């Protein structure tokens, strides 16, 4: 099962796997959609309450008329059916708050969110895994203790508090980094200048978002490296006369990556939640802040759309995780 | 072979620091290894033989290990005093090592070819492309079929024996002058063991290596070693040429070790099972050791297994059209009389454990019936199943893993009594003390935790727990395989004694032919899920008819250096796989009766 034949088989297997998982996506998405819809129905108040409230009140006739226009006067069951029908044709409905179709509003926000989350995950992985390896190699020494203290902080600090403190320290006091936004709207940068401008704006939100995950990755890496140090193949690698760095990285870390991939996949959904807080605090024009606004405006359609797209992203991320896992571990074949 | 020592160890001392105390493992060991010879370090677990090997390679982490000694001279340099960087140039290059468990020695996420190539890159300054080509040559050298193709496979696609070959290829890649082999065949089946021993010996001759062979098995020593050092309690008790020591062991400890090795054929002419001689009384005449006839042949069979099949996995489904399943047990039939021991022998993967587990219903039988005292227990559940488990109990291979580390052994033994609501707490306690006495342990041990006991004592505890419900049948799955020879002898003697006293029947599952010869009345040989031969013990051992049985017998090491090489005829082939495509039906099998009760499967 090796050579070119093996690789071809592998490609076919991966293809079948992705296909099968995609087939499973449909019922999963339907279930999520149903649960979300009825959960949000249970919340008191609707978009018309908010609209008329913002306008300083309205007569019952106008409220009635608006409800009719938005289809809110129909039974919950009817509303659900209509919603499902719409979603099936990739129409996520109309946002009352933003006065436009939901789908383009969300699509516009996705890149900013993905950029923030992807960067935060990568930073957390690189720093966390490095910390973990260092503390496993020098366990019990001072460096291990320092890293342990940092990761306990990372677990314990509330996300919003950390973000606010970073703003106070690095934006307001030291004035090193901007406190909000994704780019400087007045300068109108293009090309590389734009890229560096965005990177500059990303520093604080990425740090805030990644600290918790960094702590998790650091702990997982440490414990799985320590377990792997006791394995026979590590002793055998040493008996081959290999350099400790090669033993640790090529033989040790390569095996320790497996649990880290699993944890990363599991944490992606949680990170979406964290990004709501961070995007709101840093006025980051992503999906998280959009969700926050949608909740405030009782913009049911928009909120449902965001939840729908987010769950889709999580499902796709999990499929990717499984594929990465099987690429890293030859004992796992995709089924 | 010259007399010049290549490795000269003088007064080696190793201790392990634990909780502020220094616990000595090796106390002043001296030996030398000559160019091109095989020297065996022999002893039971804890004698310091493995610590010695690892100290020579400087693989022991210091601390907790503390290594001292006059010297360990290798090619003019003292290994005990070289820097770590200098040791790295020696390890894997001038001195190499292979370990006991081939399943865990190789890195699971690295291609086997690359794991060998690493040595060439590290020690011979080769580029990766050249090193990978050399790695294929090495795989070929250790006789792995289709080496070029297999080099890019990962370890999990290789069997245990093949993985040990890969490890050997890695170890000898840089043409070291010393190979240290730490129990390299202990985890392998006998036929595979014979192949690996043969391989090590022929490579040792071709490459003119010296081999330091560490083992607990006197049979293996007799097979392979030119000279031997017997170790006990961290010291050498006797050393010399293998022939001389086997012919005339001077020390009592050496004599005990040699006599404790079960010898195939030791039972010729005796009809009943026989105890091992008690320690220190090696010369006990066989008549005193022979057990009385415990088999109640005229009664109804205690258990009758008819056409039992156990299959795992492989349901076909929407996207799983090409399902396959493991036919672990296929169409197996046998019966056991009250007071009788039937041994189920064969190599790993032959289905002997699956059969045992199906009888206590830890595996669900796919087909067939299991009649316990005439009642089919193959499909029962609930209360019936619980009642059945009072009659049939099981003992496993690893006594440590089968005892809850946080439960006192008294509570562990009482647990079945409580679960089956047979006794209240107080009378359970009395019963526990009785049971402990029955397996030769002291009553005050009831309150201790499993880690306070040795391996042999833990297995006695497991036997006591199995006896708590007064079963008629005990399924013993490799129950003495993990024990040191002298302990093994004691536990076997105890089991025989219990059979005599309580009229127990055993289904004794083992790959250890020599122990099987001692304990069993009848033997069934399994191969690829099927019984290929079954019959009275004397018939199977004295007149094996099926080619597989003959091969199995031939592979057992003989603890007699003068008969070395008799197991050379073992052909190089792997146990085939019992994985079958979905819907596979095994061919109809026909058995010959070659002697009364002795059945052999017809070839085909």
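Derivation of every value follows stated rules applied to the coordinates shown; laboratory data play no part. Keep in mind that what you see is a predicted model, and the values were worked out from it rather than measured. A quick note on method: Cβ atoms are made from the backbone with ideal geometry, for glycine too, and the neighbour counts reach across all protein chains shown.
The table that follows gives values for the structure above.
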item: Cα-based helix-to-principal-axis angle, B:128-141 vs chain B, degrees rounded to 10; result: 60 degrees
item: Dimensionless Rg/Rh of chain B - Kirkwood Rh, Rg from C-alpha atoms; result: 0.98
item: Equivalent ellipsoid, segment B:381-525 (semi-axes from 5 times Cα gyration tensor eigenvalues, Å); result: 24, 19, 13
item: Contact order relative to length of segment B:5-260, as percent, for alpha carbon pairs under 8 angstrom and 6 or more apart; result: 27 percent
item: Normalised contact order of segment B:303-601, rounded percent, pairs of Cα under 8 Å and 6 or more residues apart; result: 24 percent
item: Most to least packed among B:291-300, A:199-208, A:299-308 [average Cβ atoms within 10 Å]; result: A:299-308, A:199-208, B:291-300
item: Within 10 Å of each Cβ in B:149-156, the average number of Cβ atoms from other chains; result: 4
item: Percentage relative contact order, segment A:249-328, counting C-alpha pairs under 8 Å, at least six apart; result: 34 percent
item: Net lengthening on full extension, residue B:124/residue B:18 (0.36 nm per residue, minus Cα-Cα); result: 34.2 nm
item: Simple spin-label estimate for residue B:175 and residue B:595 in nanometres, 7 Å along Cα-Cβ; result: 5.3 nm
item: Segment B:25-76 and segment A:149-189: distance between their alpha carbon centers, rounded to Å; result: 59 Å
item: Using a Förster distance of 41 Å, the FRET efficiency for residue A:331-residue B:380 (Cβ separation, nearest 0.05); result: 0.65
item: Per-residue average of Cβ from other chains inside 10 Å of A:229-235; result: 5
item: Beta bridge orientation in chain B: antiparallel %, DSSP, nearest 5; result: 60 percent
item: Calculated over segment A:3-95: convex hull of Cα atoms, volume per residue (Å³); result: 128 Å³
item: P(r) weight above 50 Å for the protein assembly as shown, C-alpha pairs, percent; result: 38 percent
item: Bridge type composition, the protein assembly as shown - antiparallel percent by DSSP, nearest 5; result: 60 percent
item: Cα-Cα pairs of segment B:303-601 separated by more than 28 Å (percent); result: 43 percent
item: Computed [θ] at 222 nm, helices only, for chain A once each DSSP H run of length n ≥ 4 contributes -39500 (n - 2.57); result: -25000 deg cm²/dmol
item: Segment B:78-116 versus segment B:498-517: alpha-carbon centroid distance in Å; result: 41 Å
item: Percentage, to the nearest whole number, of Cα pairs in segment A:133-284 over 21 Å apart; result: 58 percent
item: Burial ranking of peptide ranges B:374-385, B:512-523, B:549-560 (average Cβ count within 10 Å, highest at the top); result: B:512-523, B:549-560, B:374-385
item: For segment B:162-218 and segment B:322-395, distance of Cα centres in Å; result: 37 Å
item: Nearest-0.05 FRET efficiency for residue A:90 and residue A:40, computed from C-beta distance (R0 30 Å); result: 0.90
item: Inter-chain Cβ neighbour average for residues B:94-107, partner chain, 10 Å; result: 4
item: Peptides ranked, highest mean first, by Cβ atoms within 10 Å: ranges B:587-595, B:437-445, B:162-170, B:532-540; result: B:162-170, B:532-540, B:437-445, B:587-595
item: Helical contribution to [θ] at 222 nm, DSSP H n ≥ 4, -39,500 (n - 2.57), averaged over chain B, rounded to 500; result: -9500 deg cm²/dmol
item: Within segment B:5-260, percent of DSSP bridges classed antiparallel, to nearest 5; result: 60 percent
item: At 1.306 mPa s and 10 °C, Stokes D of segment B:5-260 from Kirkwood alpha-carbon radius, µm² per second; result: 85 µm²/s
item: Normalised per residue, the volume of the convex hull around the Cα set of chain A (Å³); result: 199 Å³
item: GNM result for chain A, Cα springs below 10 Å: residue of A:85, A:187, A:267 fluctuating most strongly; result: A:187
